[in-house]
Amino acid sequence: MPHSHRTEVTVGHGGGGKLTQELIDRVFRPAFASASLEAQHDGALLKFPGGGRLAFTTDSHVVSPLFFPGGDIGKIAVNGTVNDLSMCGARPLWLSAGFILEEGFPIATLEKVVASMKAAADAAGVAVVTGDTKVVERGKGDGLYVTTAGVGVIETPLTVAPSSIRAGDAVILSGDVGRHGMAIMATRAGLQFESAIESDCASLAASVQALLKAGLEIHCLRDLTRGGLATSLVELAETSKLAIAIDGAKVPVSELVGGACEILGLDPLYVANEGRFVCFVPAAQAQQAADIISATAPGGPAVILGTVKPGPAGQVTQLSIIGSERIVDRLSGEQLPRIC
């Protein structure tokens, strides 16, 4: 369990849960205080002279192993940044890529990763336009780390952000959860299932653009990565100072992922994803939004999972299949290191 006032960084600080938030609140937010950081969004929404807005985001990728069913570090680096831009309501355009290589890393493997990045960028409609390469001595790294940053243009007048969430909004989940985390865990541990569990790593840009093109009043979008669905909902409830109630029986989990989670004692709500998101829209537009997401997003069909309530501020509750209600909290500690 996490303890406050730690004096050293732990692996749990990278898990996207309570310890990650503690590190951000203790170190980064006080040092870099700004309106953009206080928004606690997937990226910064920036105005520029002459009108118009841009979205800007950055990600570092340390996933292990480098290659896994359904993806690799190159694919996840591109799609992760594209998705963060999309969650800002932006059309992703340009990426940068920084490579930290360990001496002795096979060039053939690097070529394979770069080819995967190129394919993912082409599929998402973005271009890698700048980058950097550094090499550390043998034994001082772990093969390859990739850092990507991205810029997208915001063409909608809407402010798609946690601050726009309103009481009465419907919460829509784009597809089944837990695939990425279980794909990594199974590969790393050498677990054998009846069929391979593939990561859900994919671009969400097309689905978001379809929602915007339909003219829906999108209030907020959030992709579900470290900490899973549960942690993402808690983050949004805390930032918006509202409450969120979901129906646990409606959360789609594939049979393979559900079985693996049961064997390992994991809750699918906390398992990482790399190609799923939640969408907040007025209740009157929920079904239309769900239909669009089902037709355009990977992993569907989408489900109307719950609703936003006036309070208690920051609280997320889950209705169980037997009708009882429990409070959903952030992920404690680190469920699986180096997931993305």
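The values are calculated or read from the model by the stated rules, or taken from the named source; none is laboratory data. Here the structure is a predicted model, which is why all the values come from computation and not from measurement. All Cβ positions, even for glycine, are placed from backbone atoms using ideal geometry, and neighbour counts span all protein chains on display.
Of all residues being modelled with pLDDT of 85 or more, within 28 Å of T10 (Cβ to Cβ) and part of a loop (DSSP other than H, G, I, E, B) in region 310-340, which is nearest to the chain's Cα centre (by Cα)? Just the residue, please.
C340
So which residues in region 260-294 are in contact with a helix residue (DSSP H, G or I) (Cβ under 6 Å, 6 or more places away or on another chain) and without any contact (Cβ under 8 Å) to a residue 40 or more places away in the chain?
none
Only one of T225, T239, T307 is of a type in the set (S, T, Y) and assigned to a helix (DSSP H, G or I); which? Walk me through it before giving the result.
On the way: T225 fails: assigned to a helix (DSSP H, G or I); T307 fails: assigned to a helix (DSSP H, G or I).
Result: T239 is the single residue among T225, T239, T307 that is of a type in the set (S, T, Y) and assigned to a helix (DSSP H, G or I).
For the subset of region 173-195 comprising residues that are in a helix (DSSP H, G or I) and out of contact with any Phe, Trp or Tyr (no Cβ under 8 Å at 6 or more places or on another chain), which member is surrounded by the fewest Cβ atoms within 10 Å (Cβ to Cβ)?
If we filter region 173-195 for residues that are in a helix (DSSP H, G or I), which is where we start, we get 179-189.
The next check asks that each one be out of contact with any Phe, Trp or Tyr (no Cβ under 8 Å at 6 or more places or on another chain); those that pass are 179-182, 185, 188-189.
On the way: R179: 29, H180: 32, G181: 30, M182: 31, M185: 22, R188: 15, A189: 10.
The qualifying residue surrounded by the fewest Cβ atoms within 10 Å (Cβ to Cβ) is A189.
Check whether at least one residue in region 141-154 is touching a residue at least 12 places away in the same chain (Cβ under 8 Å) and within 14 Å of the chain's Cα centre (by Cα), and report yes or no.
No, region 141-154 contains no residue that is touching a residue at least 12 places away in the same chain (Cβ under 8 Å) and within 14 Å of the chain's Cα centre (by Cα).
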